[in-house]
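The structure that follows is given in the form of structure tokens.
The values are calculated or read from the model by the stated rules, or taken from the named source; none is laboratory data. These numbers were taken from a predicted model, which means no experiment stands behind them. Every residue, glycine among them, receives a Cβ derived from its backbone with ideal geometry; neighbour counts consider all protein chains shown.
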Amino acid sequence: MKTKKKSRFLSFCFSFLPGAAEMYMGFMKTGMSLMLVFFLLIAFSGWIQQTIIVLFDVVVWFYGFFHANHLAGLSDEEFAQVEDEYIFGMESFLGTKGYVEKHQKWVAYGLIFIGVCFLWNTSTNLLRNILPEQYNFIPRMMWRIGSYAPSIVIGAGIIFWGVRLLNGKKVEVVPEEEKILKENVIEESSKADQQEEK
């Protein structure tokens, strides 16, 4: 879609919803990715019942607001040079197989986890409707487990990821580099000995 500079007032009004002003000006990739991130963060924080994640939405909202108003304030020449791109590196996994193939195992774990959560919630609702009143404790217990399980699993995943980042990759010294380092140490110690003798 061809980008076009439009009404500055309408761009300002649309900028209150992240991505809408960018779409209004023709930057569909930028607008769609901003809007997607904004609403997915809200949905995700509600699903795992961790409202602290909504704080990231504040950052996305301000980014979208000021980005849209910055675009609207550009001169015609500068506006024509702006390219429509996905934000936050989304191009690496939107529309390309490379990202999924590279991280196939983690994508599979994520999909399995989401599928299990959907089945669990559906089973809970189904049991609540078909079980007699005296057995309603079963779906209530399942609902409690299901409401806390995503937070627990994702929290454990974040801790695991943090520990992996702390450990990091150890820098391996190549034997040739190790040999050069030893030679440098020997040279420096022999120079120090010679200076002491003088």
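Among (1) at pLDDT 70 or above; (2) closer than 28 Å to Trp47 by Cα, where does Glu188 come up short?
With respect to (1) at pLDDT 70 or above; (2) closer than 28 Å to Trp47 by Cα, Glu188 is out only on (2).
Another question about this same structure. Among the residues of segment 45-69, write down those that are more than 24 Å from Glu85 (Cα to Cα) and free of Cβ contacts under 8 Å to residues at least 60 places away in the same chain. If you could, list the steps in order and put the result at the bottom.
So in segment 45-69, the residues more than 24 Å from Glu85 (Cα to Cα) come out as 45-55.
Scanning segment 45-69 gives Ser45, Gly46, Thr51, Ile52, Ile53, Val54, Leu55.
If you go through segment 7-45, how many residues are part of a loop (DSSP other than H, G, I, E, B) and crowded, with 23+ Cβ neighbours inside 10 Å?
5
Hey, can you tell me all the residues within segment 124-140 that are part of a helix (DSSP H, G or I) and farther than 20 Å from Gly46 by Cα? Give the derivation first.
Residues of segment 124-140 part of a helix (DSSP H, G or I): 124-130, 133-135, 137-140.
Selection gives Leu126, Leu127, Arg128, Asn129, Ile130, Glu133, Gln134, Tyr135, Phe137, Ile138, Pro139.
Right, another one. Kindly check whether there is at least one residue in segment 44-62 that is within 23 Å of Ile154 (Cα to Cα) and among the small types (Gly, Ala, Ser).
From segment 44-62, those within 23 Å of Ile154 (Cα to Cα) are 44-60; that's our starting set.
With the extra rule that they be among the small types (Gly, Ala, Ser), the set shrinks to 45-46.
Within segment 44-62, one or more residues are within 23 Å of Ile154 (Cα to Cα) and among the small types (Gly, Ala, Ser).
Still on this structure, I have one more. Could you tell me whether Gly31 is in contact with a Pro (Cβ under 6 Å, 6 or more places away or on another chain) and modelled with pLDDT of 85 or more? If you could, list the steps in order and put the result at the bottom.
Numbers: in contact with a Pro (Cβ under 6 Å, 6 or more places away or on another chain): no; modelled with pLDDT of 85 or more: yes.
Here the answer is no, as Gly31 does not meet what is asked.
May I pose another question? Glu83 is checked against (1) outside the structural domain of Ile154 (by TED's automatic domain parsing); (2) over 17 Å from the mean Cα position of the chain (by Cα); (3) modelled with pLDDT under 85 and fails just one. What number does that condition carry?
Every listed condition holds for Glu83 apart from (3).
Restricting attention to segment 50-87, and to residues there that are part of a helix (DSSP H, G or I) and of a type in the set (Val, Ile, Thr), which single residue is surrounded by the fewest Cβ atoms within 10 Å (Cβ to Cβ)? Full working, then the answer.
Restricting attention to segment 50-87, the residues satisfying the condition of being part of a helix (DSSP H, G or I) are 51-72, 76-81.
So of that shortlist, the ones also of a type in the set (Val, Ile, Thr) come out as 51-54, 58-60.
Numbers: Thr51: 10, Ile52: 7, Ile53: 16, Val54: 13, Val58: 10, Val59: 11, Val60: 21.
The selected residue is Ile52.
Out of the residues in segment 88-117 that are aromatic (Phe, Trp, Tyr) and at pLDDT 70 or above, which is surrounded by the most Cβ atoms within 10 Å (Cβ to Cβ)?
Looking only at segment 88-117, we keep the residues that are aromatic (Phe, Trp, Tyr), and these are 88, 93, 99, 106, 109, 113.
Now restrict to residues that are at pLDDT 70 or above: 88, 106, 109, 113.
Details: Phe88: 11, Trp106: 11, Tyr109: 13, Phe113: 15.
Step by step, filter segment 88-117, then rank; the result is Phe113.
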